[in-house]
1. Within the stretch 53-62, track down each residue that is open to solvent by less than 70 Å² (accessible area, probe 1.4 Å) and within 20 Å of Thr7 (Cβ to Cβ).
2. Quick check on my filter: what residues within the stretch 43-69 are part of a strand (DSSP E or B) and basic (Lys, Arg)?
Amino acid sequence: MRHGLFTIKSDFETPVTYEITDILGKQIYKTDKLIKGENTIDASSFNKGVYLIKFEYNNGRYVEKLIID
């Protein structure tokens, strides 16, 4: 991650809802605007720590870990 920005590349054909939570489950960010292609997220205001990015699409869910140090 450079300067608090990171990119999510999506192959989903329809917009996807995603949220970023801290490790305890507190929601930090949520949007339904993840589109096909590259999506830039500004995490410059996030504290150092471990976060989870939860993607929800159609009938599925996918979770990734994000570490900010």
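The values are calculated or read from the model by the stated rules, or taken from the named source; none is laboratory data. Computed from a prediction, not measured in an experiment: that's the story for all the values here. Heads up, the Cβs are rebuilt from the backbone with ideal geometry, glycines too, and the neighbour counts pull from every protein chain shown. The protein model used for the area step is the full one, side chains on, heavy atoms only, and it has no ligands, DNA or RNA in it. Shrake-Rupley method; radii C 1.70, N 1.55, O 1.52, S 1.80 Å.
1. Of everything in the stretch 53-62, those that are open to solvent by less than 70 Å² (accessible area, probe 1.4 Å) and within 20 Å of Thr7 (Cβ to Cβ) turn out to be Ile53, Lys54, Phe55.
2. Lys54, Arg61, Lys65
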